[in-house]
Amino acid sequence: STIAVAVEQGRNIFENIRKSVYFLLSSNLGELITMFFAMLFGWKAPLLPLHILWINLITDSLPALALGANPASSDTMQKPPRPAEEGIFTRRGWMSVGIYGAVIGAVALVMFKIAEYVTGSIETARTCAFATLAISQLFHAVGVRIGMRGIFRANHQENKFMLWAVLTGLVLTAAVLYIPLFASLFDTRPLGILWIGGIIVASLIPIAAHEIEVLIMHMKKRREIKNGD
């Protein structure tokens, strides 16, 4: 029984490390894509250096720490052993990092250009890009944590650290927008309810992509089982 518990803990630790690394890579790739394509298209910078630092410290670090404390899922010991030569990075993992990084970067760029076109204010546009990146990464962390269970089937109470990480990230992001001292320091602008609604909808796109991935994987698994029968 002691060996079984040790194996379960070892599997969970490995999986948590993998999730944390994938989350950090995809989130940082999203920031890189945002800045790179803005420069490539000759646009003004959608983020200031302080914005990037804040995102890396708050909306990257807190969820990554929460992922490291994720408890083992109920089916951990039902899965086949991982190949001994398999490392943290797999082909599917790299694809996941690339896809989610592209999605996060794309939604931030879209919100940036929409806000710039509608308001004519680069400060408001940067505020939208900053908020979209921050919130979308928080939501993305939730998708990474639950894996292939789906957002509506997962038990979100099993990792309270993640709930607190997301809540803290949302509150601190709002503080940067609406507390004058922080807004002045970060050169942000307070956003109206319509802009906030648009940012939340855009930030939910990584979760929507996660649900599509879950659906595809379950359909593929059912097809394999059917063909096996």
Here, R82 and L65, labelled 7 Å along Cα→Cβ, have an inter-label distance in nm of 2.4
Residue-normalised value, i.e. accessible area per residue, for the chain at 1.4 Å probe, in Å², stands at 55
Highest mean packing first, using Cβ neighbours within 10 angstrom, the peptides 179-190, 22-33 sort as 22-33, 179-190
Helix 205-228: inclination vs the chain longest Cα principal axis, degrees, rounded to 10, gives 20
Heavy-atom accessible area of the chain with neighbours in place, 1.4 angstrom probe: carbon+sulfur share in percent works out to 70
At q = 0.16, 0.20, 0.22 1/Å the base-10 log of I(q)/I(0) from the Debye formula over the alpha-carbon atoms of region 35-121 is -0.90, -1.16, -1.27
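The values are calculated or read from the model by the stated rules, or taken from the named source; none is laboratory data. The model shown is predicted, which means the values in this text are computed figures rather than measured ones. Don't worry about glycine lacking a Cβ; one is built from the backbone with ideal geometry, like all the others, and counts go over all protein chains shown. Note: areas computed on protein heavy atoms with side chains; ligands, DNA, RNA excluded. Shrake-Rupley method; radii C 1.70, N 1.55, O 1.52, S 1.80 Å.
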